[in-house]
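All remarks here apply to the structure that follows.
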Amino acid sequence: MSKEHLATVCGLYCGACGLYRARRDGNPAQQQELLKTLAERWGVSLEEVDCEGCLSGGKLSPYCRNCQILRCPTTKKDVKRCSDCPDFPCDLIISFNNDGVRHHAEVLDNIKHQHKIGIQAWLKEQEQRWQCPQCGTPTAWYTRVCDKCGKKQPYRLSSLPRDKK
């Protein structure tokens, strides 16, 4: 099965999303805790807290359902992702990159890299980046310890301006 749906419109990698990972692997108790927290945060039922990737054509995260960036390519010819867009970088994606959410802070660089090497090569890099170096289990953006082998995970996310103070 192709994993192209894991390369989002905005330049994130769905394969490292905590929600995406929680529905697919890991510690069942931790999964339920995360899913319950997200359901409460988003004001939805536990069953609605699921996502198959924004380009999967399947279930979408309540967070992503109303995303302006996700809808943007539908208004442009031959554009599936920001990496295809002649208007990149636009104010919408710059704002998203700079919104203070740590995993959003790398979308501009990700999109430039996607454009340079192509989506398939970028996906291979991301799949390697977001796995435990000890056992190869997929991990999420904020995973600190591998659910499978217990190894502490390297810190992989970009720094934010507030980190430099």
Estimated dipole of the chain in Debye, rounded to 20 [Cβ of Lys and Arg +1, of Asp and Glu -1, Cα centre]: 420 debye
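Based on the Cβ-Cβ distance from GLN68 to ILE117, what FRET efficiency comes out when R0 is 22 Å, to the nearest 0.05?
Calculated value: 0.25.
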Net length gained if the chain between GLU40 and LYS59 were fully extended (0.36 nm per residue, minus Cα distance): 5.0 nm
Counting only backbone N atoms under 15 Å from a point 7 Å out along Cα-to-Cβ of CYS149, the residues of the stretch 116-133 in range are 128-133
Going by average Cβ neighbours within 10 Å, how do the peptides 85-96, 108-119 rank, with the highest at the top? 108-119, 85-96
Once you keep just the Cα pairs under 8 angstrom separated by 6 or more residues, what percentage relative contact order results for the chain? 25 percent
Helical mean residue ellipticity (222 nm; -39500 (n - 2.57) per DSSP H run of 4+; nearest 500) of the chain: -9000 deg cm²/dmol
Taking amide hydrogens as modeled 1.01 Å from N in the peptide plane, which residues meet the under 5 Å criterion relative to GLN131, leaving out close sequence neighbours? THR139
Beyond a 22 Å Cα-Cα separation, which of these cross-linked pairs lie in this structure: LYS112/LYS148; LYS76/LYS124; LYS59/LYS80; LYS112/LYS151; LYS3/LYS152? LYS112/LYS148; LYS76/LYS124; LYS112/LYS151; LYS3/LYS152
Built amide H within the under 5 Å cut-off of VAL145, gap 5+: GLN153
Using a 10 Å cut-off on Cβ atoms, rank the peptides 72-79, 130-137 from the highest mean neighbour count down. 130-137, 72-79
Difference of contour (0.36 nm per residue) and Cα-Cα distance, ILE94 to LYS124: 8.3 nm
Checked against the positive end of the charge dipole of the stretch 81-165 (+1 on Cβ of Lys and Arg, -1 on Cβ of Asp and Glu, about the Cα centre), the farthest of CYS85, GLN114, VAL101 is VAL101
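FYI, it's all coordinate maths here, none of it is from the lab. The structure presented is a predicted model; accordingly, all values stated were derived computationally and were not measured. Cβ coordinates were reconstructed from backbone atoms using ideal geometry, including for glycine residues, and neighbour counts include every protein chain displayed.
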